[in-house]
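The values are calculated or read from the model by the stated rules, or taken from the named source; none is laboratory data. All values reported here derive from a predicted model rather than from experimental measurement. Positions of Cβ are backbone-derived with ideal geometry, glycine not excepted, and every protein chain shown enters the neighbour counts.
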């Protein structure tokens, strides 16, 4: 998708792949972006949505090169004390938010803790209930991750008896332009 002038869309907008925006994009309805969005100069209300906006596993590159992105995974919890995600917090990124949702009960464990691999095991959730439907949200981890970092889930109490529990994890991050902290 590429637009040079204003684009007003009433209804659903779904973009798969790159989207270049040189002016104003206004969407009334649901917006779904599964690729990258590159914006020119952003004036107030340059991108306006009324309704849901979902940036799943993609990123927005802002003027100057800063990136805001999301990573997500449906993680099957292993029949073990810990399970490591395949998604990675990008090197140099700072987390704006991390949320996790138990979509399928995690058997046997009394609770779970969620944190960055090699970091504080409870940073994104401590003693989170293992019942289906449990949601935990954390905000603003000001750590700038030196290298790409996975997320580790630790089973508290007895490790799961079977690898049947599922935890949906989503993290939103900010990545400054190269050379900027």
Sole exception among (1) assigned to a strand (DSSP E or B); (2) in contact (Cβ under 8 Å) with a residue 60 or more places away in the chain; (3) within 25 Å of residue 64 (Cα to Cα) for residue 177, by number: (1)
Going by what's in this entry, would residue 130 be described as in a loop (DSSP other than H, G, I, E, B), in contact with a strand residue (DSSP E or B) (Cβ under 6 Å, 6 or more places away or on another chain) and over 17 Å from residue 69 (Cβ atoms)? yes
How about the stretch 145-174: which of its residues are outside any strand (DSSP E or B) and over 16 Å from the mean Cα position of the chain (by Cα)? 146, 147, 158, 159, 160, 161, 162, 163, 164, 165
In the list 104, 70, which residue meets the criterion of being surrounded by fewer than 17 Cβ atoms within 10 Å (Cβ to Cβ) and either at pLDDT below 95 or on the phi < 0 side of the Ramachandran plot (or both)? 104
Residue 11 passes all but one of the listed conditions (1) at pLDDT 55 or above; (2) within 30 Å of residue 155 (Cα to Cα); the exception is number (2)
Can you tell which of 167, 95 is buried (at least 20 other Cβ atoms within 10 Å of the Cβ) and farther than 28 Å from residue 62 by Cβ? 167
